[in-house]
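Data block below; observations after.
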């Protein structure tokens, strides 16, 4: 399962993608998406540090996508917010470490059971973009998404 923080991050990114270049104030995203504003602001700062969103100050200010929605993958966001997505540390591509109770990965039945499912999941997460998720949901305007 993904964390509530990741769910809120996806909701915020989708709201910003829908808003296009004009962006949205954090309070507007919080109200529209029913996200506690203080928590949302922490999430937006993390997304900004990662280069996924930008911000403008002032009366017309707010947050906006810093990259096209076609360049932001679901897998990248999920790893950024929740950390490794692998069900076992020995399967992780970015945070690999051997399991403490395993003497031989090549013959580990647990690893082999989860490896195929993990590979399929990661393939979907890493090829699906924010723009894809909007189009799939029937809300995508490809021009506004940077496509």
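The values are calculated or read from the model by the stated rules, or taken from the named source; none is laboratory data. Keep in mind that what you see is a predicted model, and the values were worked out from it rather than measured. A quick note on method: Cβ atoms are made from the backbone with ideal geometry, for glycine too, and the neighbour counts reach across all protein chains shown.
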Q. Give me the pairs: first residue in segment 92-115 and touching a residue at least 24 places away in the same chain (Cβ under 8 Å), second residue part of a loop (DSSP other than H, G, I, E, B), beta-carbon distance under 7 Å, and six or more apart or on different chains, which are they?
A. 114/87; 114/88; 114/91; 115/91
Q. Does segment 52-62 contain at least one residue that is modelled with pLDDT of 90 or more, in a loop (DSSP other than H, G, I, E, B) and assigned by TED's automatic domain parsing to the domain that holds residue 15?
A. yes
Q: Write out, first by first residue and then by second, each pair whose Cβ atoms fall under 8 Å of each other, whose residues are 6+ apart or on separate chains, and whose first residue, in segment 8-30, is on the phi > 0 side of the Ramachandran plot while the second is crowded, with 18+ Cβ neighbours inside 10 Å and part of a strand (DSSP E or B).
A: 23/62; 23/63
Q. Among 17, 115, 9, 100, which is the only one that is modelled with pLDDT of 90 or more and over 19 Å from residue 134 (Cα atoms)?
A. 115
Q: Please find, within segment 41-73, the residue that is surrounded by the fewest Cβ atoms within 10 Å (Cβ to Cβ) out of those that are over 13 Å from the mean Cα position of the chain (by Cα) and on the phi > 0 side of the Ramachandran plot.
A: 58
Q) What are the residues in segment 74-115 that are over 12 Å from the mean Cα position of the chain (by Cα) and in a helix (DSSP H, G or I), if any? A) 105, 106, 107, 109, 110, 111, 112, 113, 114, 115
Q. Only one of 38, 30 is over 16 Å from the mean Cα position of the chain (by Cα), closer than 18 Å to residue 7 by Cβ and buried (at least 20 other Cβ atoms within 10 Å of the Cβ); which?
A. 30
